[in-house]
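A.B. asks: First the structure, which I've put down as structure tokens, then a few questions once you've had a look.
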Amino acid sequence: MNIVAIVGSVREDSYNKKLAKFVQERYADRLDIEILDPSTLPLYNQDKEEEAPESVVTFKEKVKAADAVLWVTPEYNGSIPGVLGNAIDWLSRVDQVMIGKPSLIMGASMGNLGTVKAQAHLRDILFAPGLQSPVLMGNEVYVGAVHTKMDEAGTITDDATVGFLDTVVTNFENWMKQFKHTVSV
Ligand code: FNR
């Protein structure tokens, strides 16, 4: 399965980047995950969407070619970070490459709630007409208190979290096998 991961933090030492890399490496025998960098995208501009800059074209092509998108995001001010919203705005327009493409959402924060509000907003956004992305239900990955569960190198050291990730990834694979693209534009 070919997956692109879009991380909502561009910070060098980001916990969410590390979480995406951990997932990429741990399940490498089953999932081919490419982590995309949303900071390569310029600010969305409706005047430029038809003849979009090269970075946008490349980003969209990778999303279009993927079987699914893994979103790994922090929470900023009770919602998704602007860099993620910017990427979503580009993806939602013109060729609308997200329509019918399944999503899995994860997030990490140092607080106990582990990005719960950001993920709720992201799920809602993914239901928008320009996105129509089915999200795996009942498998919500909130890595709260992440600084106590992950070492400096980004390895998750908390067995319960790793076990939960194993379960979610298996559920995601099984869901994807049954999945039919039934959504129409
Ligand atoms: C935050 N942070 C934060 N945390 C949270 O649990 N709820 C929130 O609403 C916010 N809001 C927020 C706004 C802004 C502008 C910043 C910079 C930070 C804290 C945030 O979760 C923390 O910085 C994470 O470590 C960011 O994720 P990365 O960069 O480590 O992946």
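The values are calculated or read from the model by the stated rules, or taken from the named source; none is laboratory data. What you see is a predicted model; the values in this text were computed from it and never measured. Note: ideal-geometry Cβ built from the backbone for every residue, glycine included; neighbour counts use all protein chains shown. For accessibility, only protein heavy atoms count, side chains too; no ligands or nucleic acids. Shrake-Rupley method; radii C 1.70, N 1.55, O 1.52, S 1.80 Å.
A.B. asks: List pairs: first in region 148-172 and under 17 Å from residue 71 (Cα atoms), second exposed (fewer than 11 other Cβ atoms within 10 Å of the Cβ), Cβ under 9 Å, 6+ apart or cross-chain?
C.D. replies: Note: pairs meeting the criteria are 171/138.
Every residue, every condition in (1) over 21 Å from residue 30 (Cα atoms); (2) over 17 Å from the mean Cα position of the chain (by Cα), yes or no:
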| residue | (1), (2) |
| --- | --- |
| 66 | no, no |
| 102 | no, no |
| 108 | yes, no |
| 126 | yes, no |
| 142 | yes, no |
| 151 | yes, yes |
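A.B. asks: Further question: Looking only at region 15-30, filter to residues that are within 12 Å of the ligand (Cβ to nearest atom) and of a type in the set (Lys, Arg); which one of those is most open to solvent (accessible area, probe 1.4 Å)?
C.D. replies: So the residue we want is 21.
A.B. asks: Within the set of pairs 6+ apart or on separate chains, which have a first residue in region 97-124 that is farther than 17 Å from residue 17 by Cα and away from the ligand (no atom under 14 Å from the Cβ), a second that is open to solvent by 10 Å² or more (accessible area, probe 1.4 Å) and assigned to a helix (DSSP H, G or I), and C-beta atoms under 7 Å apart?
C.D. replies: 97/60; 97/64; 102/176
A.B. asks: Within region 5-14, count every residue that is in contact with a helix residue (DSSP H, G or I) (Cβ under 7 Å, 6 or more places away or on another chain) and surrounded by fewer than 21 Cβ atoms within 10 Å (Cβ to Cβ).
C.D. replies: Within region 5-14, residues that are in contact with a helix residue (DSSP H, G or I) (Cβ under 7 Å, 6 or more places away or on another chain) and surrounded by fewer than 21 Cβ atoms within 10 Å (Cβ to Cβ) number 1.
A.B. asks: Take residue 112 and decide whether it is on the phi < 0 side of the Ramachandran plot and at pLDDT below 95.
C.D. replies: Taking the combined requirement at face value, the residue satisfies it.
A.B. asks: Further question: Please name all residue pairs, on different chains or six or more residues apart, with Cβ atoms under 6 Å, provided the first residue is in region 61-87 and is under 10 Å from residue 118 (Cα atoms) and within 16 Å of the ligand (Cβ to nearest atom) and the second residue is open to solvent by less than 10 Å² (accessible area, probe 1.4 Å) and part of a strand (DSSP E or B).
C.D. replies: Listed pairs, sorted by first residue: 73/107.
A.B. asks: Within region 46-80, how many residues turn out to be out of contact with any Pro (no Cβ under 9 Å at 6 or more places or on another chain), open to solvent by 50 Å² or more (accessible area, probe 1.4 Å) and part of a loop (DSSP other than H, G, I, E, B)?
C.D. replies: 3
A.B. asks: A follow-up question, please. How many residues, within region 92-133, are open to solvent by 10 Å² or more (accessible area, probe 1.4 Å) and assigned to a helix (DSSP H, G or I)?
C.D. replies: 7
A.B. asks: A further question on this structure: Out of curiosity, is residue 154 within 16 Å of the ligand (Cβ to nearest atom), open to solvent by less than 20 Å² (accessible area, probe 1.4 Å), closer than 29 Å to residue 55 by Cβ and not charged (D, E, K, R)?
C.D. replies: yes
A.B. asks: One residue is enough: does region 4-27 have a residue meeting the conditions over 15 Å from the mean Cα position of the chain (by Cα) and in contact (Cβ under 8 Å) with a residue 12 or more places away in the chain?
C.D. replies: Yes, because at least one residue in region 4-27 is over 15 Å from the mean Cα position of the chain (by Cα) and in contact (Cβ under 8 Å) with a residue 12 or more places away in the chain.
A.B. asks: I'm trying to understand the selection: among the residues of region 50-87, which are more than 21 Å from residue 176 (Cβ to Cβ) and of a type in the set (A, V, I, L, M, F, W, C)?
C.D. replies: Across region 50-87, the qualifying residues are 52, 56, 57, 59, 80, 83, 84, 87.
A.B. asks: Separate question: Is it fair to say residue 162 is at pLDDT 95 or above and touching a strand residue (DSSP E or B) at 6+ places or on another chain (Cβ under 8 Å)?
C.D. replies: yes
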